[in-house]
Amino acid sequence: PGAAAPPPPRPQQAHGHSHAPAAAPQRKGFIPALEKIRFIVAVASGKGGVGKSTTSANLALGLAAQGWKVGLLDADVYGPSMPRLFAFSEKPKIEEGKLVPLEAYGVKIMSMGFLVEEDTPLIWRGAMVSQAISQLLGEVKWGELDALVIDMPPGTGDVQLTIAQQVPLSGAVIVSTPQDLALIDARRAVAMFEKVEAPILGIIENMSYFLCPHCGGRSEIFAHGGARRDAEKLGVPFLGEAPLDIKIREMSDSGRPVVGAEPESPQALVYLGLAAKVKTLLETRKQRAAPQIVVA
């Protein structure tokens, strides 16, 4: 009790020596393991408890359902959620000096939770956390992907800065509940990504409303529409609403995210719609950024 958890196992290269620690910030695009990924999307929130990890998982599954090759990185080192959301118990293998992501529903998934026991606390300072994130980014066999979704930890601290410095982010999706306390922190998250020059793809209002499974009545438990109003004020896209739904919670707790397990359900269709909007925004931004070739 009280002892720090050991660092994650460092995969060895084939010629016998380990990768150098990535303690110092690197320029964007420097990590070779990410070179074959078309889009890298951060899913963030200013605070915990807004359903960001559930949203990240179902967003990744939604992109995969549209024919994309997708990876999902759980960057919340202190509170990893993906092992529970996907009911993983096995450890990742090592091939050619890199960790091989686990797979579920066609999505490649990596998390610090795969490398340490669920009840083991990670008592690490910021520098160790940043180094662990660098390893999860650079020492994983991601391969060719259309999109890598990064489930960010809550807040605007070391992990967010490490990823912003080392990763060529295609954009950030901000998740918030409708009430004022959550929206204050969501605005901070938007401001952080703007300062590191990462485009904001949009804001999702999670737990936007509750539909009673017995009577069908609608209750706006955390108010409603606050994220849309903030998006309009900030001049960023509003991606849509996701409900507070018992089925989403039950399936997440059982390790069967709703988009993967029941893609035809009304609950899954919500996330599929959000994923379709993110996909369109990414492709549109890439087309606008591409150099125009004029034939005389």
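The values are calculated or read from the model by the stated rules, or taken from the named source; none is laboratory data. Computed from a predicted model, the values in this text were never measured in an experiment. Methodologically, a virtual Cβ is constructed for each residue, glycine included, from the backbone with ideal geometry; neighbour enumeration extends over all protein chains shown. Areas reflect the complete protein model, heavy atoms only, side chains present, ligands, DNA and RNA absent. Shrake-Rupley method; radii C 1.70, N 1.55, O 1.52, S 1.80 Å.
Worth a mention:
- In order along segment 158-171, the phi-based Karplus estimate (6.51 cos²θ - 1.76 cosθ + 1.60, θ = phi - 60°) of 3J(HN,Hα) comes to 4, 5, 4, 5, 4, 5, 4, 7, 9, 10, x, 5, 7, x Hz; Gly and Pro are listed as x.
- Of the GluC sites (Glu not before Pro) found in segment 86-165, those that fall in a DSSP loop while having at most 15 other beta-carbon atoms within 10 Å are Glu90, Glu96, Glu117, Glu118, Glu144.
- In the assembled protein chains, Met192 presents an accessible area of approximately 30 Å² (probe radius 1.4 Å).
- Top of Thr120, Thr162, Thr55 by mean-square fluctuation, Gaussian network on the chain, Cα under 10 Å: Thr120
- Radius 13 Å from Cβ of Gly143, net charge of other residues (Lys, Arg +1; Asp, Glu -1): 0
- Loop-located trypsin sites (Lys or Arg not before Pro) in segment 70-106 whose Cβ has at most 15 other Cβ within 10 Å (DSSP): Lys93
- Cut-off under 5 Å, modelled amide H: who pairs with Ser208 long-range: Ala242, Leu244
- For Gly202, the residues 5 or more places off, or on other chains, whose built amide H falls under 5 Å of its own are Ala172, Ile174.
- Distance from the alpha carbon centroid of segment 206-241 to that of segment 29-103 works out to 26 angstrom.
- Remark on Leu148: its backbone amide H falls under 5 Å from those of Phe39, Ile40, Val41, Gly71, a criterion applied only to residues 5 or more positions apart or on other chains, H modelled at 1.01 Å from N.
- Members of Lys91/Lys195; Lys108/Lys233; Lys52/Lys279 lying beyond 27 Å, as alpha-carbon distances in this model show: Lys91/Lys195; Lys108/Lys233
- Computed on protein heavy atoms with a 1.4 Å probe, the accessible areas place Lys52, Lys36 in the order Lys36, Lys52, largest first.
- In this rough spin-label picture, where each label sits 7 Å from Cα along the Cβ direction, the Ala276-Glu144 distance is 2.7 nm.
- Relative contact order of the chain, taken over Cα pairs closer than 8 Å and 6 or more residues apart, is 24 percent.
- Our helix-only sum for the chain, with -39,500 (n - 2.57) per DSSP H run of n ≥ 4 divided by its residues, gives a mean residue ellipticity at 222 nm of -10500 deg cm²/dmol.
- Global geometry of segment 204-296, whether rounded, prolate or oblate, following the gyration tensor of its Cα atoms and the 1.5 cut on a/c: oblate
- The stretch between Trp124 and Arg288, if pulled fully straight at 0.36 nm per residue, gains 54.9 nm over its current Cα-Cα span.
- Residue-wise HN-Hα couplings along segment 48-53, as the Karplus relation 6.51 cos²θ - 1.76 cosθ + 1.60 with θ = phi - 60° gives them from phi, are x, x, 9, x, 5, 5 Hz; Gly and Pro carry x.
- Across Ser81, Ser254, Ser134, mean-square fluctuation computed from a Gaussian network of the chain (C-alpha pairs under 10 Å connected) peaks at Ser254.
- Rounded FRET efficiency, nearest 0.05, which uses the C-beta distance separating Cys215 from Glu96 and R0 of 51 Å: 0.35
- Net charge of neighbours whose Cβ lies under 12 Å from the Cβ of Val175, counting Lys and Arg as +1 and Asp and Glu as -1: -2
- Karplus 3J(HN,Hα) series, Hz, for segment 254-260 with 6.51 cos²θ - 1.76 cosθ + 1.60 (x for Gly, Pro): 8, x, 10, x, 4, 5, x
- Full extension of the chain segment joining Leu161 with Arg188 gains 8.4 nm, where the gain is 0.36 nm per residue of separation less the Cα-Cα distance.
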